[in-house]
1. List the pairs whose first member sits in region 494-510 and is touching a residue at least 60 places away in the same chain (Cβ under 8 Å), whose second member is outside any helix (DSSP H, G or I), and whose Cβ atoms are under 9 Å apart, counting only residues at least 6 apart or on separate chains?
2. Looking at Leu159, Leu163, Leu169 in this structure, which one is touching a residue at least 60 places away in the same chain (Cβ under 8 Å) and assigned to a helix (DSSP H, G or I)?
3. What's the number of the only condition in (1) more than 25 Å from Leu234 (Cβ to Cβ); (2) at pLDDT 85 or above; (3) over 21 Å from the mean Cα position of the chain (by Cα) that Val591 fails to meet?
4. Tell me which residues, restricted to region 524-558, are in a loop (DSSP other than H, G, I, E, B) and under 24 Å from the mean Cα position of the chain (by Cα).
5. Can you name every residue in region 188-209 that is part of a helix (DSSP H, G or I) and under 22 Å from Phe573 (Cβ atoms)?
6. Does Ala462 satisfy being in contact (Cβ under 8 Å) with a residue 12 or more places away in the chain, within 25 Å of Ser208 (Cβ to Cβ) and part of a helix (DSSP H, G or I)?
7. Within region 422-433, track down each residue that is of a type outside the set (S, T, N, Q) and buried (at least 17 other Cβ atoms within 10 Å of the Cβ).
Amino acid sequence: MKIRKELWFGFTLVALILIPIAVLMPWGHMTNGHYGLLMLALIVVGIMMGFPTAFTLMGMGVFFGWLAYRSVNPALAERQILDLMVQRAYYVMSNDVLIAVPLFVFMGYLVERAALIDKLFKALHLAMARVPGSLAVATIVTCAIFATATGIVGAVVTLMGLLAFPAMLKAGYNVKIGAGAITAGGTLGILIPPSVLLILYGATAGVSVVQLYAGAFFPGIMLAGLYVGYIIILALWKPSLMPPLPQSARLVALPALAQSLAQRGRNALLGLARALVTDAGVAKRGVLGQLIITLLPLLFVALVLGVTYSVATAPVVVDTTGLVEAGSAFTSDVSEPANDNQGGLSEPPSDEAKVADAPQPPADTAALPAAKTSAAAAVPAVAPSLPAPLWFWVMLGLCAAALVVLYLMWNWQRLEVFKMLLASFFPLALLILAVLGSIVMGLATPTEAAAVGALGGLLLAAIYRFINHWREKAADAGPAGVAWTTLKDLGLILKDSSFLTGKTTAMVCWLFVGSSIFSAAFALLGGQQIVENWVLSLGLTPVQFMLLSQFIIFILGWPLEWTEIIIIFMPIFIPLLPKFGVDPLFFGLLVALNLQTAFLSPPVAMAAFYLKGVSPPHVTLNQIFAGMLPFMAIQVLAIFLLYMFPAIGLWLPHLLYK
């Protein structure tokens, strides 16, 4: 029987772990520390062999924890290990941070079924038709937007595999390019909030999830930008890999109003303005509505610039509350303290002497007018408004130039594409702003914001299902029939989303229970202390420690999934961070960026298997793996940039919360 290459790779890794254990372990005189290292190695082997991770963790933790208790008091070992299981399970159940996991997962499944993403992808595809590699670029941008509404990698990759992959193959795109764009874009949900990984890391490391979300925002945008930049450069270098769209594929069917006005001119803004002030034979109300939609980019830019100007030129308020005007409350006729030893050195006065010799207010201070004193103390000194800085005027000029170019190119086709973008992206943007904005601005906890997001996802699914059914069945059924059909669909959506949410949440919670028992047993055996002593004995600098830790996490991402790495190995790294002066928040951002390799690295590479499940039969797993490798290299570059420029991740949380 021929064994696949993936199995050979897995067996080789298992052998590389088991052979050193068999050779180097002192089997005749094993100590607790040796048992701890053996437990750590065996858990990796067990997971790679395909055993359920959560129950493997629990089983290993219970057995080796029993060995630890047995070495101290054999009579109480069974009772103590059972008590440990109950305590660890209760600790996980009482962790408030984990409540956000099922709510965010539920929101993600609802948004996935709200029929938003297919419309968003089509609109982005048409809007970016002139960009090299437009289909791949639209795929990555859609994945990045979808990732802000759901942290479920499998859902994003599967949905985009159904929407974007057939479109790219039909347009003549290289299979590897299409597969790499979908899998890499789908994994952005690991980093971009509301990431479930960041919730689990925050719960494991004791770091604020709110600050992690704020810190992950710009690294996520940076990584998506690097993906897009790679696609555009590759499309310019080798156009045969990503052929441009034909002109016929860029056309959008125009409504009757646009067709009538398009005969009088190509520019939509000028045509709508003329139709509003002259008799063009069309309804003025429709023209006014289209003109307002056309001016939305101008209104949005004006609003942003107005807020920016008000913040940049805000006057500096100097609060003088509590300050007292010099000489208003104290008299100046305070006698000098006597010095009886003028000719030599004397002992410094004691604290009691300092207090006794300090100038005292006169007895009639209380008789001063209270109103005058309080008024002088409470009036703040208000400085005039600051002049607008140079960067504001530069930004104003750039925005004005961009708007001029936009409206010069604003034809009737682009107006329809903009309306498609508005209809598909605007509701999702409101949901994202409501959830992430309330978290980052401190208006709600992640759990509260996740509950609001779940409700918003349910409303979006109901509204879009109703609109779709109304368009399809308006001629056959009245409002009551459409409403009844929508309710039935919504019931199925709730059923499927609830089932998938329960399945995902159960996996995460059991992983946490197993990890908690495993970590407690590892600490009882002294394994954590052995690892710390070994790392400290190397004499590493903070830079060397960061390189070593990230390299280990990168290697672990090949055979293990990110959940296993976070839950098993983060409790080993986190106690070492204070010894090297590493910020746990910054370390978490690096880990989140690094752990995307767990979804893009063979042989596990779950993103590849998600895509393979919905791909045409002729697309092989090796082609998908090959397409992911360049994006893995981009991830390494992103890790390097974040490490060299920590402000990419730390600027926003320091600005908001320090």
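The values are calculated or read from the model by the stated rules, or taken from the named source; none is laboratory data. Worth saying up front: this structure is predicted, and the values here are computed from it rather than measured. Using ideal geometry, Cβ is built from the backbone for each residue, glycine included, and neighbour counts are taken over all protein chains shown.
1. Pairs that qualify, where the first residue is touching a residue at least 60 places away in the same chain (Cβ under 8 Å) and the partner is outside any helix (DSSP H, G or I), are Asp496/Arg113; Ser497/Arg113; Leu500/Ile152; Thr504/Ile152; Trp510/Pro52.
2. One residue alone meets the criteria, Leu169.
3. Among (1) more than 25 Å from Leu234 (Cβ to Cβ); (2) at pLDDT 85 or above; (3) over 21 Å from the mean Cα position of the chain (by Cα), the lone unmet condition for Val591 is (3).
4. Selection gives Gly557, Trp558.
5. So the first thing to find is which residues in region 188-209 are part of a helix (DSSP H, G or I), and the list is 188-190, 196-205, 209.
If the condition is that a residue be part of a helix (DSSP H, G or I) and under 22 Å from Phe573 (Cβ atoms), then Ile190, Val196, Leu197, Leu198, Ile199, Leu200, Tyr201, Gly202, Ala203, Thr204, Ala205, Val209 are the ones that fit.
6. no
7. Filtering region 422-433 for residues of a type outside the set (S, T, N, Q) gives 422-423, 425-433.
Within region 422-433, Phe425, Pro427, Leu428, Leu431, Ile432 meet the criteria.
Let's see how each residue does on (1) touching a strand residue (DSSP E or B) at 6+ places or on another chain (Cβ under 8 Å); (2) more than 30 Å from Gly265 (Cβ to Cβ); (3) not aliphatic (A, V, I, L, M):
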residue: Ala401; (1), (2), (3): no, no, no
residue: Trp412; (1), (2), (3): no, no, yes
residue: Leu415; (1), (2), (3): no, no, no
residue: Ser424; (1), (2), (3): no, no, yes
residue: Leu428; (1), (2), (3): no, yes, no
residue: Ser438; (1), (2), (3): no, yes, yes
residue: Thr445; (1), (2), (3): no, yes, yes
residue: Tyr464; (1), (2), (3): no, yes, yes
residue: Ala480; (1), (2), (3): no, yes, no
